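A short worksheet on the structure shown next.
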Amino acid sequence: MKACSALILILLLSACASQPELAHEADWEQVVAQRSGDEPLSGQQHGSLYSDRYMFTLYEDKRAYRVGDILTVELNERTQSSKSADASIDKNTGINVGVPLAGNLNTAELAMELNSRSRFDGESAASQQNFLRGSITVRVTDVLANGALAIRGEKWIKLNQGDEYIRLQGLVRPEDIDVTNRISSQRIADARISYSGKGDLASATQAGWFTRLFNRFLNPF
């Protein structure tokens, strides 16, 4: 009895646990300059009007290509999927056993007939659509040996009833960045795009603790 009560208590506590608030994971904390390429040029102070801090070449490409460079990603994501399945099984079985004539015996009463039928029909359908448009400015966090740029960034928007955020990371080719230093999200390899939030609006779409308890533990189907 005690073991049963303890088990029920554990189930209730696990179901009552509220959804954890979204927090800045370690991977998404503000990036601190850890590479020499991220550090600003100090420039040698020698009294001249020239300073390497503001150096640029006349024909230099202004598109991002170094660690620490910033570029803008145009979000244009649209996905649609659907799936359906139908199944039907119908099985009929019949057995008829007769008894041969034997003198004056009435064999009709000894005959036997068996019939059985089983049938199953099943149908399922699922569909999902996603649409995301906007822009987010990210920074280059690494340059791979093949020249691909690893990018990562996030944007937080504070609203009256909560916060919303967009997070993005992936790999891009420098040649896919246009002259305005922008790139489409459809050109990002290994893209990870997150759009969510926290607060009253986000909590309103979550099931209550009793609903989660019933769906997770008490629903046998």
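The values are calculated or read from the model by the stated rules, or taken from the named source; none is laboratory data. No experiment lies behind these values; they were computed from the predicted model shown. Positions of Cβ are generated from backbone atoms using ideal geometry, with glycine treated the same way; all protein chains shown enter the neighbour counts.
What to note about this one:
- Condition check for residue 121 on (1) touching a Ser or Thr at 6+ places or on another chain (Cβ under 7 Å); (2) surrounded by 15 or more Cβ atoms within 10 Å (Cβ to Cβ); (3) among the charged types (D, E, K, R): one failure, at (2).
- The listed residue being at pLDDT 90 or above and either of a type outside the set (S, T, N, Q) or surrounded by 10 or more Cβ atoms within 10 Å (Cβ to Cβ) (or both), out of 130, 181: 181
- Meets criteria (at pLDDT below 90 and at negative phi) for residue 152: no
- Selection of first residues in region 68-84 that are closer than 16 Å to residue 172 by Cα and of second residues that are among the basic types (Lys, Arg), restricted to Cβ pairs under 7 Å at least 6 apart or on distinct chains, gives the following pairs, ordered by first then second residue: 68/139; 69/139; 70/139; 71/182; 72/182; 74/182; 75/133; 76/133.
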